[in-house]
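Please treat every number below as a calculation from the coordinates, not as lab data. Keep in mind the model is a prediction, meaning the values are calculated, not measured. Positions of Cβ are backbone-derived with ideal geometry, glycine not excepted, and every protein chain shown enters the neighbour counts.
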Amino acid sequence: MRVPIIAGNWKMNTTVSEAIKLVNEMRSRLDEITNVDKVICPPFVSLAAVGELIKGSSIKLGAQNLYFEEKGAYTGEISPLMLADLCEFVIIGHSERRQYFNETGEIINNKVRAALRAGLKPILCIGERLEENEAGRTKEVVTEQLRSSLAGIDYLSSLTIAYEPVWAIGTGKAATGEQANETISFIRHNVAKLYDKEIAQDVRILYGGSVTAENAAEFINQPEIDGALVGGASLKAPQFMRIVKQTSEIKQ
Ligand code: PEP
């Protein structure tokens, strides 16, 4: 049985005081729900303050990125060891990192390895761009992203995959539940090919892309979809709480 996950990617939003306010608005309601992993991923600068606020609760903390070296002369970067002290999860390979910061498959692979070495749980994002989708290349793209991101990694027990079609992120134009389920099923088959059937059955695969409280059930009801990576709607406490609550009811 895969435990569902709802992860909130706050992206480059909220000051420290805004982050504290947002967590205070949802902490107790989220804490009550125990059959879903609830992960919030604020900006780096708020991790310590948010970590203090959720200490002792069932809410988990994640970062949005990391650098793959452990320490040294990498001005401005944050290492896996620094994060391992603060949080449990880390988003890696988000399409915004690929697009705006030129993250390649090799860089993402280095980051996944570094996260696992430090005991962090990566949420690995993959997904096709609009032109790739329109050219019928979705399967080819996610296959290649999966292969390059996971090269040389021989265990996936703490890894979560998020299928996020780039054309659906922040656009308000979500995939349909069936579309997402089909691609996620394909990704699971690929994990079985790269590893084995048991690992593929155990790995959690999320959908991400314009998920809201209004459309979340369409995704969560799909058998292959184990939860969601939520951007915009995770910045609104009532929306995020409703998504978690629906997930709890659907997947019980
Ligand atoms: C995301 O940031 O991963 C995301 C899916 O964003 P949104 O929900 O806003 O589309």
**OP:** Pick out, in residue order, every one of the chymotrypsin sites (Phe, Trp or Tyr not before Pro) in the range 28-125 that is DSSP loop and has at most 14 other C-beta atoms within 10 Å; say none if there are none.
**Re:** Y74, F101
Original post:
If you take the beta carbon distance between Y100 and T176 as r and set R0 to 30 Å, what does 1/(1 + (r/R0)^6) give as a FRET efficiency, to the nearest 0.05?
Top reply: 0.65
Original post:
What length, rounded to one decimal in nm, is gained on full extension from E144 through to E32, with 0.36 nm per residue of separation minus their alpha-carbon distance?
Top reply: 36.4 nm
Original post:
What range in the chain is the longest one free of trypsin sites (Lys or Arg not before Pro) that are in a loop by DSSP and have at most 11 other Cβ atoms within 10 angstrom?
Top reply: 72-252
Original post:
Tell me which aspartates and glutamates have Cα within less than 13 Å of K251's Cα, excluding those fewer than 8 residues away on the same chain?
Top reply: D37, E218, E224, D226
**OP:** Search the structure for amide H atoms under 5 Å from the amide H of G8, placed 1.01 Å from N in the peptide plane, and list their residues when 5 or more places away or on another chain.
**Re:** V39, I40, C41, V230
**OP:** Any lysines with Cα under 26 Å of the K71 Cα? List them, leaving off those in the same chain fewer than 8 positions away.
**Re:** K11, K60, K111, K121
Subject >> In order through the range 162-176: 3J(HN,Hα) via Karplus (6.51 cos²θ - 1.76 cosθ + 1.60), integer Hz, x for Gly, Pro >> reply: 10, 8, 10, x, 4, 5, 9, 7, x, 9, x, 10, 6, 5, 8
Original post:
When the chain is fully extended, how far beyond the present Cα-Cα distance does L81 get from M12, taking 0.36 nm per residue of separation?
Top reply: 22.7 nm
**OP:** Pull out the extension gain between A192 and F44, defined as 0.36 nm times the separation in residues minus the alpha carbon to alpha carbon distance; nm, one decimal.
**Re:** 49.9 nm
Subject >> Under Karplus coefficients 6.51, -1.76 and 1.60, residue-wise ³J(HN,Hα) of the range 91-100 in Hz, glycine/proline x >> reply: 6, 10, x, 4, 4, 5, 5, 5, 6, 8
Original post:
Using θ = phi - 60° and the Karplus form 6.51 cos²θ - 1.76 cosθ + 1.60, what ³J(HN,Hα) does each residue of the range 243-252 get, whole Hz, x for Gly and Pro?
Top reply: 5, 5, 5, 4, 4, 4, 6, 6, 8, 6
Subject >> Under 5 Å, built H, 5+ apart or other chain: amide partners of A63 >> reply: F89, V90, I91
Original post:
If R0 is 25 Å, what FRET efficiency do you get for S157 and Q252 from their C-beta distance, rounded to 0.05?
Top reply: 0.60
